[in-house]
Every structure is written in structure tokens, then in C-alpha cells.
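Written out below as C-alpha cells is the structure these notes cover.
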Amino acid sequence: MSSSDSENESDVEMILEKAGLVTPGEMITDDTIWMRGHGTYAADNVTYSAVAGTIERVNKLLSVRPLRGRYIPVIGDHVVGRITEVGNRRWKVDIGASQDAVLMLGSVNLPGGILRRKSDDDELQMREFLKEGDLLNAEIQTLYADGAAALHTRSLRYGKLRNGLFVQVPASLVLRLRTQVYRLEGGIEMILGINGYIWIRKATSTNANAAPMDVSINRLEQESNSMEIYKDENDPIPPSTRQTISRYANCIQALVYNEVGINEARLRAVYEASVVYTDAGELLDNTVKTDIVKQAMATL
Amino acid sequence: MKFSVSELSYLRSSLISSPPLRPDCRKPGQFRPVESEVDWLPFTNGSARVRAADGSECIVGIKTKVVARSEGSLIEPSVDITGYKDNDPLPNSLAEALRHTLNACPELTAQLILTEKYAFRLYVDCVVLSFTSHPLSLLSLAVFRALKSTRLPQLISSRDDTLVDEIPQFNDDWDAAQPICTKWSPPLVLLLAIVGDNVLLDPTDAELEVAETALCITWKNNAIAAPIKNVDIGSGKNVGGYNPKVLLDAYDLVQSCAAQVVSMIVS
């Protein structure tokens with residue numbers, strides 16, 4: 001038994017080494033000792049890959065992680081989402097996953113302090129807090145059995161987004177890091193949602209996201225601000241800041257075009273490389289996109 | 001797609017400023033890069049495929065049939081959009097816009113006439129596979145490319161059939177086929193958005209959302225041509241009147257940029 005076991009393991013090891021990449025319908029193994037995980041299917045006791053991606057192995061469990069595809073929510077992920085529906089004590093939020101996420105009325109901060117019971121009045125004025133089309137950043141709190149996610153915004157880090165521009169990229173190109181909120185050159189702040197939704201905005205001193213450490217201190221300030229966190233109006237944004245925001249958006253698109261994963265260091269490097277082009281409109285050209293990304297990656 | 005209130009106000013205030021700040025840093029007259037290929041559909045007289053950087057894609061195939069000239073219009077455009085029903089207003093209005101533009105082109109009709117009694121009828125079949133912003137510009141680019149590549153079989157029978165009834169005969173050799181665009185250039189419809197006092201070429205979905213209205217201007221033989229008209233952009237919140245002076249700006253913008261657009265798609 002033990003000898004055949006090691007033989008079989010070497011079989012899969014071989015596949016892992018061979019390419020690491022499988023295509024839909026490709027045989028992974030014909031041995032039954034392996035458990036079949038996500039991204040695989042079986043026919044006649046032979047395990048095949050159901051998606052194009054890389055094989056992952058945890059003990060006896062084989063799964064294939066897809067290269068592209070919809071975002072798969074994971075508890076604790078910092079995501080950016082857009083409200084699609086206002087319902088009974090909950091909002092439906094598009095986070096780019098296969099199903100809309102749920103944001104319960106009880107999982108948001110309401111004006112007048114964090115630890116307050118949600119009343120019927122709150123339920124009636126749900127649209128005054130968040131309405132269809134609104135963008136917000138949130139954390140994934142729990143996952144339901146069917147894979148749908150429940151969000152929460154119970155921190156001053158999270159909430160409605162304004163003062164900026166929305167950019168959407170494939171979720172697979174966003175790299176998971178310790179933090180997803182960055183302060184960039186030129187007074188810009190970026191929220192890099194793990195689901196591939198990105199918000200680039202003007203950094204302001206009152207943005208709680210900039211200083212997560214102050215969260216507990218800000219409690220009082222928040223109570224005095226009341227509706228402030230659900231405001232729709234933008235602060236005045238100077239043209240130079242708007243241009244910088246757009247340039248960052250173009251840099252992100254350049255990384256996407258070259259299929260390079262996005263993180264803070266790379267974005268900074270691409271931005272530096274892009275400064276050569278004083279007219280940021282030139283960054284739309286495909287050869288320019290490749291050029292600046294190559295240059296940037298060489299500096300890292 | 002729905003936008004949030006703050007997104008729209010950010011966009012609008014960027015676009016009405018002078019000079020306008022577009023969300024992708026484009027200049028007002030800058031067209032988004034597109035790539036195209038021609039003559040790739042078998043069994044067509046001419047075909048083209050145009051793809052934009054955002055994944056919008058449009059394919060056009062042109063086929064011909066010999067008909068009696070009394071049988072009505074010689075140009076029959078049809079537009080299909082993936083995911084839209086046949087009776088949806090968008091594909092129908094696009095087909096109507098194409099019909100209008102192509103029929104307003106006497107050079108094209110002249111090329112189609114065979115004899116006193118017979119003519120070619122041109123079927124311009126367009127499929128929009130996907131689009132993010134208004135598909136009119138992309139569609140028109142594809143039709144432009146397809147017409148440029150269209151060839152018609154060579155007529156070997158007599159052109160004059162007023163006295164004798166004669167069915168047109170054609171040369172079997174496809175290499176002898178004649179290109180339809182000889183000394184003229186097919187029309188190109190350019191979509192422009194009007195935001196405040198600014199005119200923007202090739203507006204994105206988001207830009208149209210905050211625009212007062214959109215204009216389409218036809219460019220033909222290196223000059224602005226008919227038709228020039230407003231385009232219904234549907235949902236926008238700021239839909240309303242605009243300063244007539246903006247029309248002149250739109251004219252100037254097209255005059256200065258259209259040649260660039262043409263050279264971009266032909267290269």
C-alpha cells in the first residue's frame with residue numbers, strides 16, 4: 001500500500017512539475033486515492049480539470065485554481081462593491097462574484113454612533129444611507145452555504161465612497177496583501193478591492209481610511225458628523241488632482257493589458273515610468289502600455 | 001450600468017471644466033485605439049472586424065444580389081446586437097442610421113447600377129458582439145472598413161439593355177472583380193458628446209451618462225457631409241438644450257480629427 005501510495009504521489013508530482021497548468025478536460029490523475037476538490041470533475045474514476053488553471057494539492061485533496069473567472073469571496077477580504085438593490089433590512093451589493101453579496105442593515109454604521117439599535121425609522125430611510133448605484137468598500141463577514149457573501153462596514157475604514165473614480169479590472173490580477181488601501185504620490189488614495197473593483201480618490205485628512213489606527217478615537221468625531229459618512233457631494237477637487245487620478249487609472253489599465261498582477265509597488269513604478277509621457281492620453285496606446293510596464297518591472 | 005451620485009458629479013465637473021478632463025486623459029478629439037482586419041469572412045464580397053481596447057467588437061459582412069432596379073432600395077443594412085431582441089429600438093435605430101448615411105452617398109449607388117434594368121443590391125449585415133459605450137461609432141468604422149474591401153463581380157454582358165432584354169452575365173474569375181471604392185471614400189459616422197460647452201469625440205458610456213446630448217457627424221471624402229443629427233442617448237440626467245455655438249466647435253473638432261481617425265483604422 002505504502003509503495004503504491006508513493007508511486008501515485010509521484011504521478012501527480014509529475015503533473016505539477018510538468019507544467020503546473022492544466023486546461024479544461026485535461027486528465028489530472030486516474031488514481032482513486034485522490035480527493036477531488038474545486039475545479040475538477042470525474043468520469044469513470046478518472047479526475048479531469050474543469051477549468052484552465054494551476055493544480056493545488058493539500059494532502060490528498062486536489063483542486064484546480066482557475067486563472068480567470070469571477071471573484072470568489074473569502075472571509076476577511078476588503079472589497080469594493082456597488083449597491084444593486086435595496087431590500088428588506090438589507091442591501092444587495094455587486095462585488096463581481098457569481099452572486100450579489102448581502103449587506104444587512106445591522107452591519108453598517110448608522111449616524112449617531114456605532115452601538116445603536118436599528119429602529120424602524122432606520123429601515124424606512126435605508127435609501128438615504130445607501131441607494132442603488134452607490135459604491136462602498138466593505139469587508140466580507142461571513143459566507144453562506146451557497147457561496148454568497150455577507151458584508152459589513154462596521155469600521156470607519158469602510159463605507160460609502162466619493163471624491164474619485166472607479167476602475168474595474170479582473171479579480172485574478174489583484175494581489176492579496178496585508179492592506180488594500182494605499183496613499184500614492186500626488187495626494188491620491190487608492191482602495192484596491194480584492195474583487196478587482198478599484199476606487200481612486202483624492203486623499204483628504206479626514207479620510208478615516210488613511211489612518212486606521214485612529215478608529216477608536218474617531219468615534220466621537222463620527223457622532224458629531226452624523227450623516228457626513230453617507231454624503232453624496234464631492235469635496236472640491238483641483239484639476240491637477242483629477243489628472244493624476246486619471247493617470248493612475250491609465251497605469252492600472254496598462255498593467256491589466258500586460259496581464260501583470262497589481263500591487264502598490266508595481267503601480268508606483270508604472271506611474272514613475274509613465275511620467276515621461278506628459279500627455280497621459282498617450283498611455284492608451286498598446287505599445288506605450290507594454291513599454292511602461294516593461295520599464296517599471298525592470299526597476300523592481 | 002448604474003453610477004453613483006458622487007461618481008456622476010465627479011465626471012460632470014471634470015468634463016465641463018475648460019479644457020475638459022476626460023477620465024482616461026484623452027484629448028477632446030482623441031479616438032480610443034481600435035484594431036481591425038478585413039476580408040476574413042468567406043462567401044462575402046467584403047467583410048471587416050473591428051475591436052476596441054475595452055473589448056467592444058463588431059463584425060460586418062457585405063453580400064450582393066442582382067435585382068431589378070424597380071425593386072426599391074439598393075442598400076439594405078441590418079444590425080444585430082448580441083443579447084438584444086430583433087424589435088429592440090437600439091439595433092433598429094442603428095440600422096436606420098446606417099441606411100440613412102449610405103443612401104445619402106450617391107457614389108455608392110452609382111457603383112451598384114449595372115444596366116438600365118438591373119442593379120446590385122448591397123446587404124450590409126452587422127453584428128455587434130459586445131459593446132460598452134454607444135456602438136454607433138464602432139459600427140460605422142466596421143462598415144467603412146468592409147466597404148473599402150468590398151469587390152463586385154465584373155460584368156461581361158452589355159451595359160445597355162434598353163432595347164434588348166438581357167440578363168446580366170458576370171466574369172467567373174473573382175480576381176477580375178472590381179473594388180467598389182475606387183476614387184471615393186465611404187462615409188464614416190462619428191459620435192460626439194456635448195457636455196456643457198465642450199465637445200468630446202468617441203464618448204465612453206460614463207461620459208454619455210453626464211452629457212446633454214450626443215451628435216453624429218458624417219465624414220466623407222475628407223469633408224463633413226450629411227447627415228448630421230442628434231442621437232438619443234436615453235438615460236442621461238442632464239439631457240437638455242445646448243449652446244448653438246457648440247455645433248460650430250463640433251464641426252471644427254471633426255474637421256481637425258477625422259482624418260486621423262481614418263488613418264488609424266486603415267493602418
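Things worth noting here:
- Pair list, Cβ < 6 Å and 6+ apart or interchain, from the stretch B:203-221 residues that are under 23 Å from A:Gly133 (Cα atoms) to residues that are open to solvent by less than 20 Å² (accessible area, probe 1.4 Å) and in a helix (DSSP H, G or I): B:Ala206/B:Leu11; B:Val210/B:Leu11
- All positions within the stretch B:20-78 that are of a type in the set (A, V, I, L, M), away from chain A (no Cβ under 14 Å) and without any contact (Cβ under 8 Å) to a residue 24 or more places away in the chain: B:Leu41
- If you go through the stretch A:140-152 and pick out every residue that is touching a helix residue (DSSP H, G or I) at 6+ places or on another chain (Cβ under 9 Å) and surrounded by 21 or more Cβ atoms within 10 Å (Cβ to Cβ), you end up with 1.
Here is a yes/no grid of residues against (1) at pLDDT below 95; (2) small (Gly, Ala, Ser); (3) closer than 27 Å to B:Leu208 by Cα; (4) touching a helix residue (DSSP H, G or I) at 6+ places or on another chain (Cβ under 6 Å):
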{"position": "B:Pro106", "(1), (2), (3), (4)": "yes, no, no, no"}
{"position": "B:Asp125", "(1), (2), (3), (4)": "no, no, yes, no"}
{"position": "B:Pro135", "(1), (2), (3), (4)": "yes, no, yes, no"}
{"position": "B:Gln154", "(1), (2), (3), (4)": "yes, no, no, yes"}
{"position": "B:Ser158", "(1), (2), (3), (4)": "yes, yes, no, no"}
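- The conditions of being open to solvent by less than 10 Å² (accessible area, probe 1.4 Å), modelled with pLDDT of 90 or more and over 30 Å from B:Ala53 (Cα atoms) are met by A:Trp91.
- Residue that is open to solvent by 40 Å² or more (accessible area, probe 1.4 Å), touching a Lys or Arg at 6+ places or on another chain (Cβ under 6 Å) and at pLDDT 85 or above, where the choices are A:Thr47, A:Thr84: A:Thr84
Table: residues versus (1) more than 14 Å from chain B (Cβ to nearest Cβ); (2) outside any helix (DSSP H, G or I); (3) at pLDDT below 95.
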{"site": "A:Gln222", "(1), (2), (3)": "yes, no, yes"}
{"site": "A:Asn225", "(1), (2), (3)": "yes, no, yes"}
{"site": "A:Glu228", "(1), (2), (3)": "no, no, yes"}
{"site": "A:Asp232", "(1), (2), (3)": "no, yes, yes"}
{"site": "A:Pro236", "(1), (2), (3)": "no, yes, yes"}
{"site": "A:Ser240", "(1), (2), (3)": "no, no, yes"}
{"site": "A:Ile252", "(1), (2), (3)": "no, no, no"}
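- The residues of the stretch A:172-198 that are out of contact with any His (no Cβ under 9 Å at 6 or more places or on another chain), of a type in the set (A, V, I, L, M) and open to solvent by 20 Å² or more (accessible area, probe 1.4 Å), listed by number, are A:Leu175, A:Leu177.
- All positions within the stretch B:2-19 that are surrounded by fewer than 22 Cβ atoms within 10 Å (Cβ to Cβ) and more than 8 Å from chain A (Cβ to nearest Cβ): B:Leu8, B:Arg12, B:Ile16, B:Ser18, B:Pro19
- Qualifying positions in the stretch A:254-280 - surrounded by fewer than 17 Cβ atoms within 10 Å (Cβ to Cβ) and within 11 Å of another protein chain (Cβ to nearest Cβ): A:Tyr257, A:Thr278, A:Asp279
The values are calculated or read from the model by the stated rules, or taken from the named source; none is laboratory data. In this text the structure is predicted, and so the values were computed from the model without any measurement. Cβ coordinates were reconstructed from backbone atoms using ideal geometry, including for glycine residues, and neighbour counts include every protein chain displayed. Areas reflect the complete protein model, heavy atoms only, side chains present, ligands, DNA and RNA absent. Shrake-Rupley method; radii C 1.70, N 1.55, O 1.52, S 1.80 Å.
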